[in-house]
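The values are calculated or read from the model by the stated rules, or taken from the named source; none is laboratory data. Values in this document were obtained by computation on a predicted structure and should not be read as measured data. Neighbour counts are summed over all protein chains in view; Cβ atoms, including those assigned to glycine, are modelled from backbone coordinates with ideal geometry. Only protein heavy atoms, including side chains, enter the accessible area calculation; ligands, DNA and RNA are left aside. Shrake-Rupley method; radii C 1.70, N 1.55, O 1.52, S 1.80 Å.
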Amino acid sequence: MRTARNAIGLLLLWLLAACSAPPLVQQQSYVFGTLVEVSVYGAPEVQAQKAIAAVLQHFDELHRRLHAWQPSELSRLNASFAKGEHAAVAPDLAAMLLDAQALAARSDDLFNPAIGGLIALWGFHSDAPRGTVPDDAAIARWVRADPRLRDIHVANGMAWSDNPAVQLDLGGYAKGRALDDAAAILKAHGIANALVNIGGNVIALGRHGDRPWRVGIQHPRRAGTLATLDLRDGEAIGTSGDYQRFFEAGGRRYCHLIDPRTGRPAADMQSVTILVSGPHAGTRSDALSKPLFIDGPAHLAEHASRLGVADYLAVDAAGKMHVSAAMKARLR
């Protein structure tokens, strides 16, 4: 039971009237290496089930296309980059790459999906982490190679890289993109009120009846929540944490969130949750929580301001909570 809670990252708190409430239709799946849940409120069951099925089918397709270590469109693109070749790229994937480039630039490359080779070196390109610390020299080689998204060029249906060390891993982007896609799919099916949760990345549509959708922010070190939060229509939250994909060696915890400046897992935070609204809220909530986690607590408020993130709740390595004024006003 505890494993399932950690996989979701956020606990959904349904306060339902047993007899009088309109139907709440929910379905779970396992995609992107985590538990996914789609909830639709107040729509006829058949309509809700059809919409949810379309969302989950899209998630499966996106997962297969963007898989970083199994045969996929992304792995084929990485193979072309490594050989210095141009490769055909689908229009939607090209758009994702350009979008991710813009997010990377905003974060001073702390959000850096080009370091897939470094993530693989640490053993996180597998269903379970390998559990051993890489050789210092191997880490240093990747840091010197300095792969970044700005090394990639996209034009006329082709993509190529100036740096053969670029190996894309969109794990810190795809879940957020999937949230935005899910919102569009649900709306296209006439769904006005829904909540989509992909392993702690959540987007809300409409309301849960006469109240907003309510979620709980997972505690990074024990079962239960740090706080609850009401989400308004179109708002998304993204959480980056060291408690889902990690291994321990020599008494230290090593998580999958790698600092590209050092080539080593970030170690100054336990979790960072941000609240985002507006266009592409899902994508931004996923991507922009990463640089805040990696950069640590020392300049959290300043860094969040530069990224345009007003609402955040972070827990540093010592277990101290850091909450922005805007987020504090929203939390229960």
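Provide Rg over Rh for the stretch 29-155; use the alpha carbon set for both Rg and the Kirkwood Rh (inverse mean inverse pair distance).
Rounded to two decimals, Rg over Rh is 1.05.
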Q: Grab the other residues whose beta carbon is less than 13 angstrom from that of residue 110, score K and R as +1, D and E as -1, and report the net.
A: 0
Q: Normalising by the residue count of the stretch 218-312, find the relative contact order in percent from Cα pairs under 8 Å and 6+ residues apart.
A: 28
Q) About its Cα centre, what dipole magnitude does the chain give when the only charges are +1 on Lys and Arg Cβ and -1 on Asp and Glu Cβ, stated in debye to the nearest 20? A) 680
Q: With viscosity set to 0.692 mPa s and temperature to 37 °C, compute the Stokes-Einstein D of the stretch 211-277, Rh being the Kirkwood radius across alpha carbon pairs; µm²/s, no decimals.
A: 240
Q. For the stretch 60-106, which trypsin sites (Lys or Arg not before Pro) are in a loop by DSSP, counting at most 13 other Cβ atoms within 10 Å?
A. 83
Q. Based on the Cβ-Cβ distance of residue 326 and residue 85, what FRET efficiency does E = 1/(1 + (r/R0)^6) give at R0 = 56 Å, to the nearest 0.05?
A. 0.75
Q) For the stretch 228-263, list residues with backbone N below 17 Å from a point placed 7 Å from the Cα of residue 187 toward its Cβ? A) 232-237
Q | Translational diffusion of the stretch 170-319, µm² s⁻¹ [Kirkwood Rh, Cα pairs; Stokes-Einstein; 4 °C; 1.567 mPa s] | A | 82
Q: Measure out, as a whole number of angstrom, how far apart the alpha-carbon centroids of the stretch 158-175 and the stretch 265-293 sit.
A: 19
Q) Any idea how far apart residue 246 and residue 30 come out in nm if each label point goes 7 Å out from Cα toward Cβ? A) 2.2
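Can you pull the percent of Cα pairs in the chain with separation above 30 Å?
In whole percent, the long-distance tail amounts to 33.
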(Q) Given a 10 angstrom Cα cut-off, can you work out which residue in 238, 199, 278 is the most mobile in a GNM of the chain? (A) 278
Q | Å² per residue, accessible surface of the stretch 25-127 at 1.4 Å | A | 43
Q) If we restrict to alpha carbons, what Rg and Dmax does the stretch 132-228 come to, in Å? A) 20.2, 58
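In debye, nearest 20: dipole of the stretch 122-166 around its Cα centre with unit charges on the Cβ of K, R (+) and D, E (-)?
Here the stretch 122-166 has a charge dipole of around 60 debye.
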Q: Work through the residues other than residue 277 whose Cβ is under 10 Å from its Cβ and net out their charges, Lys, Arg +1 and Asp, Glu -1.
A: -1
Q | Under the Debye formula (equal points on every Cα, no solvent term), log10 I(q)/I(0) of the stretch 35-110 at q = 0.17 Å⁻¹ | A | -0.85
Q: Treat the stretch 105-183 as a sphere of radius equal to its Kirkwood radius over Cα pairs and apply Stokes-Einstein at 25 °C in a medium of 0.890 mPa s; give the translational diffusion coefficient in µm²/s, rounded to a whole number.
A: 173
Q. Roughly how many debye, to the nearest 20, is the charge dipole of the stretch 234-273 about its Cα centre, given +1 on each Lys and Arg Cβ, -1 on each Asp and Glu Cβ, and no other charges?
A. 200
